[in-house]
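In what follows, a single structure is set out as structure tokens and then discussed.
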Amino acid sequence: MNFSSPTSRIEDGLFLPEDASLFTRLRVAVRALKVLEKRPDDSIAAPLLNASLDGDIFQRFCSELAKSEDGRELLTTRPSLQGSNIDLAALGRLPEGTLGNAFARYFSANGIHPFESPYEVRNDVDYLVKRYRETHDLHHVLTGYGTDSLGEMELQAFVAGNLGLRTSVLILLFAAVLRPHGLPPFWKYTRKLRAAYRRGQRCEKVVRIRYERFWEAPVEVVRQQLGISPLTPA
């Protein structure tokens, strides 16, 4: 399967041709990352960043999912967690401590809105990239990592350990060198990143999880079922 742009914006250099070389993929990824530094929710740069570096990884996850009944159902029905497809008001009415309630509270507490992306889903890889983007905020809820700059870096380290995404490694390197958004020097939070990476290695692969089935379950129970260990100081 070719991993070309799920969408593009030529004026920003955000275009990934079919069968692009490694150099081209890195160049496009860096350009996408620079856009995301200024506009973290950019609907073109975000999926393109993953497509540039991790298309083969998502393809492998698609192949693995296709071997199980639950995985095939996920790829066939393609459920969405975009803002237009979830009822935050209804989730907020669930008992306190449940995943659905915690998810709804997360958005109100941080003054943000659920992920939205207009890009076209052409195949299972596109869908899984989109699904990964949609579940980013749920990963914050389940891991307990904050939405500040350091919390975002911890979540990227967690994902690097869990899924092996090159995108997450690039983001961590980019942050270590440029220190955007007031990040402290890299050496001051290296231990936290190491702990997050190892934590991600030990739990269920996050792209396989049908979170919609857990809305009414207590957050702590969901964490236990997925093998997400308690968050401890690094």
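Calculate, for Leu178 and Ser108, the FRET efficiency according to 1/(1 + (r/R0)^6) with r their C-beta to C-beta distance and R0 22 Å; round to the nearest 0.05.
Details: r = 31 Å, r/R0 = 1.42.
Between Leu178 and Ser108 the formula returns 0.10.
Can you tally the lysine pairs in the chain where the Cα-Cα distance is under 24 Å and the two residues are eight or more apart, or on different chains? Walk me through the numbers before you get to the answer.
Numbers: Lys34/Lys130; Lys34/Lys188; Lys38/Lys130; Lys67/Lys130; Lys67/Lys205; Lys130/Lys205; Lys192/Lys205.
Lysine pair count for the chain: 7.
Treating only the Cβ of Lys, Arg, Asp and Glu as charged (+1, +1, -1, -1), what charge dipole size does the chain show about its Cα centre? Round to the nearest 20 debye. Don't skip to the end; give the middle numbers.
Details: 31 positive and 28 negative charges, 175 e Å.
Dipole about the Cα centre, nearest 20: 840 debye.
At most 15 other Cβ atoms within 10 Å and a DSSP loop assignment: could you name the GluC sites (Glu not before Pro) in segment 8-76 that fit? Mind dumping the intermediate values first?
Values: sites: Glu11, Glu18, Glu37, Glu64, Glu69, Glu73; in loops: Glu18.
Those satisfying the criteria are Glu18.
Quote to one decimal, in nm, the extra length available between Glu116 and Leu226 on full extension: 0.36 nm per residue of separation minus the C-alpha distance between them.
On the way: separation 110, 0.36 × 110 = 39.60 nm, distance 2.57 nm.
Stretched out fully, the Glu116 to Leu226 stretch lengthens by 37.0 nm.
Give the dimensionless ratio obtained when the Cα radius of gyration of the chain is divided by 2.2 N^0.38 Å. Don't skip to the answer; put the middle values down first.
Details: Rg = 17.3 Å, N = 234, 2.2 N^0.38 = 17.5 Å.
Ratio of Cα Rg to 2.2 N^0.38 Å: 0.99.
When the helices in the chain are scored as -39500 (n - 2.57) per DSSP H run of 4 or longer and the sum is shared across all residues, what 222 nm value do you end up with, to the nearest 500 deg cm²/dmol?
Working: 11 runs with 131 residues, N = 234.
-17500 deg cm²/dmol, from helical runs alone.
Based on the alpha-carbon gyration tensor of segment 17-90, what equivalent-ellipsoid semi-axes (square roots of 5 times the eigenvalues) come out, in whole Å, largest first?
Values: eigenvalues 144, 92, 11 Å².
Here the semi-axes work out to 27, 21, 7 Å.
So how much slack lies between Leu22 and Arg39, counting 0.36 nm per residue of separation and subtracting their Cα-Cα distance, in nm? Don't jump to the answer; show the numbers that get you there.
On the way: separation 17, 0.36 × 17 = 6.12 nm, distance 2.51 nm.
My answer for the length gained is 3.6 nm.
Hey, rough spin-label estimate for Arg72 and Thr147, points 7 angstrom out along Cα→Cβ, what's it come to in nanometres?
3.9
Assign one of three labels to segment 55-191, namely rounded, prolate or oblate, based on the Cα gyration tensor with a ≥ b ≥ c the square roots of its eigenvalues; rounded applies when a/c is under 1.5, prolate when it is not and a/b is larger than b/c, and oblate otherwise.
Details: a/c = 1.99, a/b = 1.16, b/c = 1.71.
It comes out oblate by the Cα gyration axes.
Values quoted throughout were computed directly from the atomic coordinates according to the rules given, and no laboratory measurement underlies them. If you're wondering where the values come from, they're calculated on a predicted model, not measured in any experiment. Please note: Cβ atoms are built from the backbone with ideal geometry, for glycine as well, and neighbour counts cover all protein chains shown.
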